[in-house]
Amino acid sequence: KMNTRPDRLSVSMQNIPPSGIRKFFEMLIGHDDVISLSVGEPDFPTPWVIREEAYYHLEKGHTSYTSNWGLIELREEIAKYMERYNLYYNPKNEILITVGASEGVDAVLRAILNPGDEIIVVQPCYVNYTPLAELTKAKVVPIDTSVNGFYPTAEQIEKAITPKTKAVMMCSPNNPTGTMIPKDELEKIAKIVVKNQIWCISDEIYCELAYDEAKHTSIGSFPEMKDYAIILNGFSKSFAMTGWRIGYIAAPAEVLAQIVKLHGYNTICAPIFSQYAAVEGLRHGWKDVEKMRISYQQRRNLMYKAFCDMGLEVPEPTGAFYMFPSIKNLGISSEEFATQLFQKHNVAVVPGSVFGLGGEGHIRCCYATAIDKMKTALDRISEFVEELRKS
């Protein structure tokens, strides 16, 4: 018989909702007839040059732990790569390899936040920021960017700062909206961060997926930001390496010295053959990255036109591989829209409500999906939108 004590489980953990994205992902299992625009995952396999390197190391029997910090060769390659964005980090003690960027988010928040601290979270945002911050007993202060074309302004951030503010967390290019924070706005935000001496946690996992004339700028590249920026990045999106679980944190040595303790206790290190594969990606994988980027850009154009033709308002994405059309004038919640679309038309999208403030009234559609499937899915969405307008 189950022990009936009411306090057998962590209250904090019970208060955390499961991921709204994974909920729709789980619904897909066993439904081969459903077209998914829901999970943010490239539909390309990892480039061959990267897979081949992993095979080589497996054949050689390179299957041990690495240092908690990760392979020094990988950290050196990452340091060289980051110079492209005017970021200068010492591979020995300012770069840490994590099990995906998601572990990086958790580790950073636990290393800097105390109970009662405040963290400003720029929303709509990736689903793990808020729950992981709440698990530290910090107070999440959300900023709604939907009022401003889906990027935060320095003014919004400054208004949200109090004496308890410890950090601001943001993502550019953004998941779920695909928007980027303009360079001049980033510069203003950097000044606010430095003036208030708070951390800026910047998730830059989509930085290689920028379209048209858009170029990624890292907030860490502005004067004095080296002391205040914590940069999160990884290989999942740009190198199509989601399942390899390789991310990294670049930050001042003082913060990484704390994070590496946690990382050592909870994961030890990222998988060694994944790390070797990532080294190869940085050395020889860029042609493949560019091919994928161009393909996403074509798909973005196609999806953007389709939503405009449906008469839905949608911010044109300049990065990542998501679109965030508004369904506000269809008289239905985003959760209801996603559920009915799945049940009646066999298309899976993510309701905007799971991404925080400013998300309700939108759906997130991932365009890292094969073009023929995407066209079919968009036709079905268009049919559903027409049905809703008539009803």
The helices (runs of 4 or more DSSP H) lying entirely within segment 1-60 that contain at least 3 residues which are at pLDDT 80 or above, charged (D, E, K, R) and farther than 19 Å from Ser295 by Cα are 48-59
(request) Scan segment 231-243 and give yes if some residue there is open to solvent by 50 Å² or more (accessible area, probe 1.4 Å) and of a type outside the set (Ser, Thr, Tyr), otherwise no. (result) yes
Per the filter on segment 160-185, residues assigned to a helix (DSSP H, G or I), over 20 Å from Ala320 (Cβ atoms) and open to solvent by less than 30 Å² (accessible area, probe 1.4 Å) are Ala160
Practice problem: Test Glu316 against the criterion of being outside any helix (DSSP H, G or I), out of contact with any Ser or Thr (no Cβ under 7 Å at 6 or more places or on another chain) and either within 23 Å of Met180 (Cβ to Cβ) or at pLDDT below 95 (or both), and give yes or no. | Solution: yes
In segment 48-69, is there at least one residue being more than 30 Å from Gly264 (Cβ to Cβ), among the β-branched types (Val, Ile, Thr) and open to solvent by 100 Å² or more (accessible area, probe 1.4 Å)?
no
Of those in segment 289-300 that are of a type in the set (Lys, Arg) and surrounded by fewer than 18 Cβ atoms within 10 Å (Cβ to Cβ), the residue nearest to the chain's Cα centre (by Cα) is Arg293
query = Taking the condition surrounded by fewer than 20 Cβ atoms within 10 Å (Cβ to Cβ), touching a helix residue (DSSP H, G or I) at 6+ places or on another chain (Cβ under 8 Å) and either of a type in the set (A, V, I, L, M) or at pLDDT 95 or above (or both), does Leu109 pass?
reply = no
Those residues of segment 177-220 which are within 14 Å of the chain's Cα centre (by Cα) and polar (S, T, N, Q) amount to Thr177, Thr179, Ser202
The condition from (1) over 21 Å from His216 (Cβ atoms); (2) of a type outside the set (D, E, K, R); (3) modelled with pLDDT of 95 or more that Phe321 misses is numbered (1)
If you go through His284, His362, the only one that is within 24 Å of Met170 (Cα to Cα) and not aliphatic (A, V, I, L, M) is His362
Flagged pairs (Cβ under 7 angstrom, 6 or more apart or on separate chains; first in segment 354-365, open to solvent by 10 Å² or more (accessible area, probe 1.4 Å); second among the charged types (D, E, K, R) and assigned to a strand (DSSP E or B)) are Leu357/Asp144; Gly358/Asp144
The condition from (1) among the small types (Gly, Ala, Ser); (2) over 18 Å from the mean Cα position of the chain (by Cα); (3) within 21 Å of Gln123 (Cα to Cα) that Gly311 misses is numbered (3)
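Residue-wise test of (1) touching a residue at least 24 places away in the same chain (Cβ under 8 Å); (2) open to solvent by less than 40 Å² (accessible area, probe 1.4 Å).
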{"residue": "Glu83", "(1), (2)": "no, no"}
{"residue": "Asn93", "(1), (2)": "yes, no"}
{"residue": "Ile119", "(1), (2)": "yes, yes"}
{"residue": "Gln123", "(1), (2)": "yes, yes"}
{"residue": "Pro131", "(1), (2)": "yes, yes"}
{"residue": "Thr136", "(1), (2)": "yes, yes"}
{"residue": "Glu158", "(1), (2)": "yes, no"}
Picked from segment 319-351 (must be more than 17 Å from Gly361 (Cα to Cα) and either among the acidic types (Asp, Glu) or in contact with a Leu (Cβ under 7 Å, 6 or more places away or on another chain) (or both)), the residue surrounded by the fewest Cβ atoms within 10 Å (Cβ to Cβ) is Val347
Result of the Cβ filter at 7 Å on segment 29-40, keeping first residues that are in contact (Cβ under 8 Å) with a residue 12 or more places away in the chain and partners that are assigned to a loop (DSSP other than H, G, I, E, B) and open to solvent by 30 Å² or more (accessible area, probe 1.4 Å), at least 6 apart or interchain, is Asp33/Asn346; Val34/Asn346; Ile35/Asn346
Checked pairs for segment 176-192, first modelled with pLDDT of 95 or more, second part of a helix (DSSP H, G or I) and charged (D, E, K, R), C-beta under 7 Å and 6 or more apart or across chains, list as Ile192/Glu158
Expected single match for surrounded by fewer than 24 Cβ atoms within 10 Å (Cβ to Cβ) and either over 22 Å from Ser102 (Cα atoms) or at pLDDT 95 or above (or both) among Met225, Met303 is Met225
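The values are calculated or read from the model by the stated rules, or taken from the named source; none is laboratory data. All values derive from a computational prediction rather than experimental measurement. Here the Cβ is made from the backbone with ideal geometry for all residues, glycine too, and neighbour counts use every protein chain on show. The area values use the complete protein model at the heavy-atom level, side chains included, leaving out ligands, DNA and RNA. Shrake-Rupley method; radii C 1.70, N 1.55, O 1.52, S 1.80 Å.
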